[in-house]
Amino acid sequence: MKKVTLKNIKAYIQGNLRYRLFYSRLQHWLPEHILQQIEYRLETMNPSCYSSGSCVKCGCSTTALQMANKSCDGNCYPPMMTERQFLHYIVGQDVVVEGNTWRLSKNSFLEKGSLYTVYKVFLNEELVHNRKKKRTW
């Protein structure tokens with residue numbers, strides 16, 4: 001069980017509120033750059049984390065906590081960013097958030113007639129998350 005702190009309580013409430021908005025007709029209440037980051041986090045998450053309901057690295061709950069501002073303790077994704085930071089991050093530029101440098105590397109390729117994308121997340125130049133995803137049309 002996670003330690004009960006004010007930061008974790010805030011993340012729990014924020015994540016669950018955004019979760020309810022994200023999966024409702026009120027999704028438009030979420031700022032666009034937050035919505036895009038939630039979609040990015042869901043797109044790149046480890047399928048084992050999704051199916052088990054918690055991160056395989058750190059044990060944090062998914063998917064509601066993926067919608068909170070804080071980062072996964074397993075460093076699967078960075079904290080929520082400002083709109084400007086996220087635009088820089090998504091195109092592969094270094095972004096400093098809460099004193100740490102995050103960078104996304106994204107490459108697409110064809111393999112056996114299917115299109116794949118590999119997402120690599122770097123934290124302070126260390127690879128912390130690597131996900132190969134088959135693209136669907």
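We did not get these values from a lab; they are worked out from the coordinates using the rules stated. Please read these numbers as outputs of a predicted model, since none were measured by experiment. Note that each Cβ is placed from the backbone with ideal geometry, even for glycine, and that neighbours are counted across all protein chains shown.
Sequence gap at least 6, Cα distance under 8 Å: using those rules, report the relative contact order of region 6-134 to the nearest whole percent. Present the calculation step by step, with values, prior to reporting the outcome.
On the way: 189 pairs, mean separation 23.2, N = 129.
Worked out over region 6-134, it gives 18 percent.
List every residue whose amide H lies under 5 Å from the amide H of Leu115, counting only residues 5 or more places away in sequence or on a different chain, with H placed 1.01 Å from N in the peptide plane.
Result for Leu115 returns Arg135.
For Cα extents along the principal axes in Å, which listed value, (i) 69, 52, 31; (ii) 65, 36, 28; (iii) 46, 35, 31, comes from the coordinates shown?
(iii)
Mind checking the dipole of the chain: about its Cα centre, +1 per Lys or Arg Cβ, -1 per Asp or Glu Cβ, Debye to the nearest 20? Don't jump to the answer; show the numbers that get you there.
Values: 20 positive and 10 negative charges, 84 e Å.
In total the dipole reaches around 400 debye.
Number of Lys-Lys pairs in the chain under 18 Å by Cα, sequence gap 8 or more or different chains?
Total qualifying Lys-Lys pairs in the chain comes to 20.
Within a Cβ distance under 11 Å of Val121, other residues only, what is the Lys/Arg minus Asp/Glu net charge? Display every interim value, and only then the final one.
Numbers: positive: Arg41, Arg103, Lys106, Lys120, Arg131; negative: Glu126.
Residues near Val121 contribute +4 overall.
When the Karplus curve 6.51 cos²θ - 1.76 cosθ + 1.60 is applied with θ = phi - 60°, which whole-Hz ³J(HN,Hα) does each residue of region 71-79 get, with x for Gly and Pro?
7, 4, 5, x, 6, 6, 7, x, x
Just grab the label-to-label distance for Val4 and Gln93, each label 7 Å out from Cα along the Cβ direction, in nm (one decimal).
Label-label distance for Val4 and Gln93, simple model: 4.3 nm.
With a cut-off of at most 16 other beta carbons within 10 Å, and DSSP calling the residue loop, which GluC sites (Glu not before Pro) in region 7-100 qualify? Please list them.
Numbers: sites: Glu32, Glu39, Glu43, Glu83, Glu98; in loops: Glu98.
Passing sites in region 7-100 are Glu98.
What FRET efficiency comes out for the pair Val56/Arg20, r = Cβ-Cβ distance, R0 = 41 Å, nearest 0.05? Write down the numbers at each step before the final one.
Values: r = 25 Å, r/R0 = 0.62.
Calculated transfer efficiency: 0.95.
Could you put Val118, Val4 in order, starting from the residue whose Cβ has the fewest other Cβ atoms within 10 Å? Could you put the intermediate results ahead of the total?
Numbers: Val118 13, Val4 8.
By the 10 Å Cβ count, ascending, the order reads Val4, Val118.
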